[in-house]
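Below is one structure; the comments refer to it alone.
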Amino acid sequence: MNNRLYDCIIIGAGPGGLQAAIYLGRYNRDVLLIDRGGGRTRHARSIENFLTHKSISGNELIELGTEQAKSFNVQVIKGTVSDISRKDYFEVHTGDHIFLSKFVIVSSGVYDNLPPIENVHKFLGKGFFTCIDCDGYRTTRGKLVIIGNSLKTVHLAFGMKQMFTKDITLVLYTDKAPAGYKEELADENIHYIVGRPVKIIGDNRIEAVEMRDGRRIECEVIMSDFGFKLNDSFLSGLDLKRDRDNFKYPVNVHYESSLSGLYIVGPLNTGPDQAIVAAGEGAVAAIDIKKRLLEM
Ligand SMILES: Cc1cc2nc3c(=O)[nH]c(=O)nc-3n(C[C@H](O)[C@H](O)[C@H](O)COP(=O)(O)OP(=O)(O)OC[C@H]3O[C@@H](n4cnc5c(N)ncnc54)[C@H](O)[C@@H]3O)c2cc1C
């Protein structure tokens, strides 16, 4: 047990956690930021929708943000939070330490479910995308394959066609054709096939998708739609409210969860999943914590 009482512990050094850290550091508060390394933002090879950056890699965004937070005396440590409990204060557990804090901001993000297709990691963020808001634009007028396993994937195809490209092949990674959507797909002139893609073909750029039955679908870009999982196992000891699907965490306008003093920013809450949104939420949470620390 480390007896130092922090004003706020932040879990996760993505855009949400770092922005909160910068605000709280600039209030001269005692802040600890715990991050296990890696993270989703680092997969983004080029972020083009973050104000003032025509293009910045996720890695650079995180490195610059971490330096900025440190410059305002935020203590940044590498560690994996395994559990949080609450007595008089929050107790944040890592493998070998328990840290005490008045407030906690959870900004531990999510990770994408990727289909078991050869070369997915090679092309992730480089022609193989998972997010319409992040990367839809990059498919503009391209030869696109959309791969997914739900009706949401069919809706994604309609959206992609309306905004980005008319040249779409929808690959439904399922055993059943999408009942009730055949006509709409035909009306929209979206070709679809049902089956298992096994390999993405290409050296420096995507050339095609190979199916298990040997078919080859020529394409330049791929949009994948298999959802994501939350990095939230350490929250299981807290009785937090979940949304209707028992998946994400509802928060109030300050991004405070159903547990007083515990804030959740970024894609773990029910809002959109974007770097600049997570950063904005981190700022809002930090401003609210500043106010509550003053009231204390
Ligand atoms: C390929 C790709 C491209 C993208 N492109 C864009 C884009 O162009 N524009 C855009 O706005 N968004 C983009 N995104 C989405 C963006 O990265 C996320 O929306 C954004 O990162 C959310 O930030 P975050 O702060 O929640 O967390 P993350 O970046 O996910 O960071 C969370 C951090 O928490 C840490 N962590 C998790 N669990 C623990 C634990 N138990 N203990 C300690 N630390 C923990 C992780 O290691 C990680 O460092 C992209 C995502 C991907 C995958």
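The values are calculated or read from the model by the stated rules, or taken from the named source; none is laboratory data. Nothing here was measured: the structure is a model prediction, and the numbers come from that model. In this analysis, Cβ positions are derived from the backbone assuming ideal geometry, glycine residues included, and neighbour counts consider all displayed protein chains. Please note that ligands, DNA and RNA were not included when accessible areas were found on the heavy atoms of the full protein model with its side chains. Shrake-Rupley method; radii C 1.70, N 1.55, O 1.52, S 1.80 Å.
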Filtering the stretch 95-113 for residues that are acidic (Asp, Glu) and in contact (Cβ under 8 Å) with a residue 40 or more places away in the chain leaves a count of 1
Collect the residues in the stretch 50-107 that are small (Gly, Ala, Ser) and farther than 15 Å from Ala275 by Cβ, keeping them in residue-number order. Ala69, Ser71, Gly79, Ser82, Ser85, Gly95, Ser101
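Could you pull out every one of the strands (runs of 3 or more DSSP E) wholly within the stretch 220-277 that has 2 or more residues that are buried (at least 18 other Cβ atoms within 10 Å of the Cβ)?
Working: elements: 221-225, 228-230, 262-264.
Those strands (runs of 3 or more DSSP E) span 221-225, 262-264.
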Every residue from the stretch 185-206 that is open to solvent by 70 Å² or more (accessible area, probe 1.4 Å), more than 15 Å from Phe129 (Cα to Cα) and under 29 Å from the mean Cα position of the chain (by Cα): Asp203, Asn204
Here are some conditions: (1) part of a helix (DSSP H, G or I); (2) buried (at least 20 other Cβ atoms within 10 Å of the Cβ); (3) more than 16 Å from the ligand (Cβ to nearest atom). Asp288 meets all but one. Which one does it not meet? (2)
Give me a count of the residues in the stretch 28-69 that are more than 12 Å from the ligand (Cβ to nearest atom) and open to solvent by less than 70 Å² (accessible area, probe 1.4 Å). 4
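Which residue out of Ile105, Ile147, Ile132 is within 30 Å of Gly16 (Cα to Cα), at pLDDT 95 or above, in the same structural domain as Ala13 (by TED's automatic domain parsing) and hydrophobic (A, V, I, L, M, F, W, C)?
Numbers: Ile147 fails: in the same structural domain as Ala13 (by TED's automatic domain parsing); Ile132 fails: in the same structural domain as Ala13 (by TED's automatic domain parsing).
Answer to the check: Ile105.
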Being within 10 Å of the ligand (Cβ to nearest atom), outside any strand (DSSP E or B) and in contact with a helix residue (DSSP H, G or I) (Cβ under 6 Å, 6 or more places away or on another chain) is the filter here, so list the residues in the stretch 70-108 that pass it. Ser107
Residues within the stretch 1-27 that are more than 13 Å from Ala285 (Cβ to Cβ), buried (at least 24 other Cβ atoms within 10 Å of the Cβ) and of a type in the set (A, V, I, L, M), tallied: 1
Which numbered condition Phe90 misses (of (1) more than 12 Å from Met223 (Cα to Cα); (2) modelled with pLDDT of 95 or more; (3) surrounded by fewer than 16 Cβ atoms within 10 Å (Cβ to Cβ)): (3)
How do the pairs read when you match residues in the stretch 121-135 that are near the ligand (Cβ under 7 Å from one of its atoms) and open to solvent by less than 50 Å² (accessible area, probe 1.4 Å) with residues anywhere that are assigned to a helix (DSSP H, G or I) and not hydroxyl-bearing (Ser, Thr, Tyr), using Cβ under 7 Å and keeping only pairs 6 or more apart or on different chains? Leu124/His43; Gly125/His43; Phe129/Asp135; Phe129/Arg138
